[in-house]
1. Restricting to Cα pairs below 8 Å that are 6+ residues apart, what does the relative contact order work out to for the chain? Please round to a whole percent.
2. At 37 °C and a viscosity of 0.692 mPa s, what translational diffusion coefficient does Stokes-Einstein give for the chain, taking Rh as the Kirkwood radius over Cα pairs? Give it in µm²/s as a whole number.
3. Using R₀ = 60 Å, calculate the FRET efficiency as 1/(1 + (r/R₀)^6) where r is the Cβ-Cβ separation of Gln47 and Leu208; round to 0.05.
4. Please list 3J(HN,Hα) in residue order for segment 347-354, calculated via the Karplus relation 6.51 cos²θ - 1.76 cosθ + 1.60 where θ = phi - 60°; whole Hz, with x for glycine and proline.
5. Normalising by the residue count of segment 225-308, find the relative contact order in percent from Cα pairs under 8 Å and 6+ residues apart.
6. So who's got an amide H within less than 5 Å of the one on Val145, skipping anything under 5 residues away but keeping other chains? H placed 1.01 Å off N, in plane.
7. On each of the three principal axes of the Cα atoms of segment 15-163, give max minus min coordinate, whole Å, ordered largest first.
8. Need one number: nm distance between label points at Ser135 and Glu284, each 7 Å from Cα along Cα→Cβ, rounded to one decimal.
Amino acid sequence: MSALLRRLRPRTLRRRLALFNFFTLAVMLFVFSAAVYVPLRYKLYAQLDHELREDVETAETLLERLPSGELRWRVEAHEEQGANAFPERWVEVWRPKGDGTSELALSRPAPVAADRDPLRGAWGPSTIEADGGESVRQRCESCTVGAGSVVIRAARTETPLRNLLGPLLGFLIFGLSGFVAMSLFAGYGMAVRALAPVARMTEQARGLTAERLSERLPVDDPEDEIGRLASTFNEMFARLERAFEQLRRFTADASHELRTPLTALRSVGEVGLREPRDAETYREIIGSMLEEADRLTRLVEGLLTLSRADAGHVKLKREPVDLVELARETVGLLSVLAEERRQALEVEAAGAVRVNADKLLLRQAILNLVDNAIKYTPEGGRIRVVVSGTASGDGVGPGAAASVAGASLSVIDTGAGIPAAHRERIFDRFYRVDPARSREQGGAGLGLSIARWGVEAHGGRIELESEEGRGSTFRVVLPGAAA
Ligand code: ADP
C-alpha cells in the first residue's frame, strides 16, 4: 500500500505543492458549501412544514360536520377566496372508512393527490408528486370534527424553495469546482515561479568544482527562505574555498620545505663523492648530512602533528601537572643551547602551579616557545619563563592541592621583537618573519602553529606582546578546570 502511494506521489516539488494546494482548497470549499447549503435547506423546509401545520389548524377551525354526518366548510366563501388567493396551497379532508383506508371528503381548490390515501401513505411532512407532476410538500394530521375524526392533508408547492436552492446548489457544485480546478493551475504556476530560483541554484551548483569554488549561487532575495538557503550555501562555499586554499598552500609550502633539506642532502653527498677525500672531510660531510636529516625529521614530525591535529585524532590525556616543574624540565632540555649563546635562561615562580593538562602536548608548546626565544634573542640576551596562577582557588600557590585553577606561563625574551605587521600571522603555518634567517636556524615556520594548537586544545590561548628592538613576550593562558 505504502509502496503504491510512494509510486503515485508526484516526483517534483512544484507538482506536490500544486496538488496540496488543490486538495486543501477542495476540502475547504466542500466544507464551506456543506455549511452553507445544508442548514439553509433544513431551515427552509422547517419553515414550509411549519406553514403546513398552520394550514392544517386553519382548515380544522373552518370545518364543520352536519347532523347528517356530512362535512363542509363553515365559510363557503372562504373556499372560493382561498382558491384564488393561494393557488399553490391545497387542503384535503379525508374521512376514515374503518377498514384502514379513507376516502376524500372535501378539498380546496382541487385535490392535490386524489389517489394518495393518507392512511396508507406517508404521514409526517414529506415531498410527494402532485397529480399535475409538480413536487409538493404535504403534511397530514388527524383531527376530530364534530362526532367523528378526519385526516386533514395540507400541501404547498415546493417550486419557490426549489428555485432558490437549485441554483445555489448548482453554483456550489459547478462554480466552486471550477474555482478548485483553476486553483490547480494557479497553484502549479505559483510553485513554478516560487521554485524558479531553486532551479537556477541547482544549475549553478552543478557547475561548481574544486577549481571553481570561487563562484557563488544566485541570491534573488536574501530575506526569503530560498535566499537564506542560497546565502547559507554561499557561506559554506566560502569556508570550503578557504579550506581548499589552505590545503593547497599547506601542500605547496610543505613540499617546498621538504625540498630544501633534501636538495642540501643530495648536493652535500654529490660533492663528497666527486673526488676521494680524507677521513676527516668525510666525517664533516656525513655530519652536515645528518644535520639535514635531523631537520627533515623535525619537519616531518611537525607536519605529522599538525595533520593529526587537523584530523581531530588527538585525544588529550589530562592529568594534574605542575606547570613550574614542567617549565623547569623544558628549560633544562634547552639550557645547552642557551649556554652556547651565552644567554641567561631562568624560570620564575612563587610556588607550584597545578593545572589539569596533557603533559606531552603542553611540554611541546613550551619547548617551541622557549626554543624560539633562544633562536631569536642575540647572544648574551636574557630569557625568563614566568609561571603564575590566575585565580585565587586552592589549585594555585605554594603547596596547592590537586584541584585546578587557571594559570599562565610567559616566555619573555630580550630579542629583536616582532614587527607589528607580522604579529597576526606568525602563528600561521610556515610563516616566518625572515625566512632565510629562520631557516638558517633550523626553523620551518611550524613551531608556533603547533604551540598554539596544543594550547587551544586545552581551551587556552597564546597572547603576544612585542616591542621592536626590546623583545617579545609569549603568554600561554590556561583556563581553570575541575580536576
Ligand atoms: P620557526 O620554526 O621559523 O621558528 P615558528 O612558527 O616557531 O617558526 O615562528 C614563526 C616566526 O615567528 C619565526 O620565523 C620568527 O620570525 C618569529 N618568531 C617566533 N618567536 C619569536 C621570538 N621570540 N622573537 C622574535 N621572532 C619570533
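1. Relative CO of the chain lands at 9 percent.
2. Translational D for this selection: 98 µm²/s.
3. Numbers: r = 72 Å, r/R0 = 1.19.
Approximately 0.25, to the nearest 0.05.
4. 10, 10, 7, 7, x, 4, 10, 8
5. 33 percent.
6. Placed amide hydrogens put Val150 under 5 Å from Val145.
7. For segment 15-163, the Cα spread along each principal axis is 82, 35, 25 Å.
8. 12.4
The values are calculated or read from the model by the stated rules, or taken from the named source; none is laboratory data. This is a predicted model, so every value here is computed, not measured. Ideal geometry is used to build each Cβ from the backbone, glycine not excepted, and the neighbour counts take in all protein chains shown. Remember, those area values only see protein heavy atoms, side chains included, never the ligands or the DNA or RNA. Shrake-Rupley method; radii C 1.70, N 1.55, O 1.52, S 1.80 Å.
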